[in-house]
Amino acid sequence: MVQITARDGGTFDAYLATAQGGSGPALVLIQEIFGVNHLMRYQADCFAAKGFTVIVPDLFWRQEPGVMITDQSEADWQKAFQLFQGFDADKGVEDIAATVDYIRGQSSTGKVGAIGWCLGGRLAFLTAARTNIDAAVAYYGVALDDNLGEAASMGGKLLMHVAAKDDFVPPESQEKIKSALADNPKVELHVYEGCNHAFARPGGANFVQEAALKADDRTLAFLKSTIA
């Protein structure tokens, strides 16, 4: 764990996984609603094994530092949704920006990418629009309807993975997303038919291996073309 200084004061922890070989393009992983739990740390280690220098900031630190929810019980889900409802997305993006600044100096290419899932998918979209990040990937991002206009501000590129049967992103919202981003040359969007929210979470109830592998392959190719 390392400490990062927030732009408005205070510090927060982040999990750091060093690239195999010692250095690599930098990657910020953005949590779901479960904090920097075992799955986020596992994802970081996997990307580090692929040659990326990876960092996972604790974005719930303003509410409760060190949250690591296993998502295995009803109580876990209740706590996760409580944290999600109290989360300030604008502050979260500021903390991601501070994390980008921190890790850019350790990037072998000088470039930084981000990947987010669920809540993190929304934050990946906002990070692409509001920060100097070079590339971002959003897996089934939620609550994007009111922020779609920000796509015009993107400096880097954005890859989006959309679950066609997402319980948290209804069809009308998906149509708004596709319509708003259709002509944006910096956005690449893929829809995964028949898949529900969190289809790429290993061990999750909605996990679909074929779709997850396809999305992950696309993500790796995207990162290699943008930040490697």
(request) Would you tally the net charge around G194, using a Cβ to Cβ cut-off of less than 14 Å, leaving G194 out, and scoring K and R as +1, D and E as -1? (result) -2
(message) With 19 Å as the cut-off, how large is the P(r) tail for region 71-172, expressed as percent of Cα-Cα pairs?
(response) 46
(message) With a cut-off of 8 Å between alpha carbons and a minimum separation of six or more residues, what is the relative contact order of the chain in percent?
(response) 16
(request) Under 1.5 on a/c is rounded, so check that first for region 122-215, then, if it is not, pick prolate when a/b is larger than b/c and oblate when it is not; a ≥ b ≥ c are the square roots of the alpha carbon gyration tensor eigenvalues. (result) prolate
(request) About the Cα centre of region 24-153, how large is the charge dipole given +1 on each Lys and Arg Cβ and -1 on each Asp and Glu Cβ? Please answer in debye to the nearest 20. (result) 440
(request) Answer with one residue from G10, S225, L126: the one whose Cα lies farthest towards the positive end of the charge dipole of the chain, charges on Cβ with Lys, Arg +1 and Asp, Glu -1. (result) S225
(request) Could you state the orientation-averaged shadow area of the convex hull built on the Cα atoms of region 85-145, in nm² to one decimal? (result) 4.1
(message) If you take every residue apart from A205 with its C-beta less than 15 Å away from the C-beta of A205, what net charge results, scoring Lys and Arg +1 and Asp and Glu -1?
(response) -4
(message) I'd like to compare 148-160, 47-59, 205-217: which one has the highest average count of other Cβ atoms within 10 Å, and what's the full order after that?
(response) 47-59, 148-160, 205-217
(request) Would you mind computing, in nm to one decimal, how far apart the modelled labels at E172 and F207 are, each placed 7 Å from Cα along Cα→Cβ? (result) 3.5
(request) Of the DSSP beta bridges with both residues in the chain, give the percent that are antiparallel, rounding to the nearest 5. (result) 25
(message) A 18 angstrom limit on the alpha carbon distance is what I want to check against. Which of K50/K111; K111/K224; K91/K224; K157/K224; K165/K224; K157/K178 exceed it?
(response) K91/K224; K165/K224
(request) Please state, rounded to one decimal and in Å, the Kirkwood hydrodynamic radius that the chain gives when every pair of distinct Cα atoms enters the mean of 1/r. (result) 17.3
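Quick one: if the Förster radius is 25 Å, what FRET efficiency do L189 and L220 give, using the C-beta to C-beta distance and rounding to 0.05? Present the calculation step by step, with values, prior to reporting the outcome.
Values: r = 17 Å, r/R0 = 0.69.
Taking R0 as 25 Å, the efficiency between L189 and L220 is 0.90.
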(message) Can you compute the charge dipole magnitude of the chain about its Cα centre, using +1 on each Lys and Arg Cβ and -1 on each Asp and Glu Cβ, nothing else charged? Give it in debye, rounded to the nearest 20.
(response) 700
(request) For region 1-118, calculate the relative contact order in percent as a whole number, restricting contacts to Cα pairs under 8 Å that are 6 or more residues apart. (result) 35
(message) Give me the one-decimal nm value for the distance between modelled label points at Q3 and A164, 7 Å along each residue's Cα-to-Cβ direction.
(response) 5.0
(message) With N set to the number of residues, divide the alpha-carbon radius of gyration of region 169-228 by 2.2 N^0.38 Å and report two decimals.
(response) 1.27
(request) Evaluate the relative contact order of region 70-128 (contact order divided by residue number), counting alpha-carbon pairs under 8 angstrom at least 6 apart; express in whole percent. (result) 29
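The numbers here are math on the coordinates, done by the rules we state, and not lab data. The structure presented is a predicted model; accordingly, all values stated were derived computationally and were not measured. All Cβ positions, glycine included, derive from the backbone under ideal geometry; neighbour counts span all protein chains shown.
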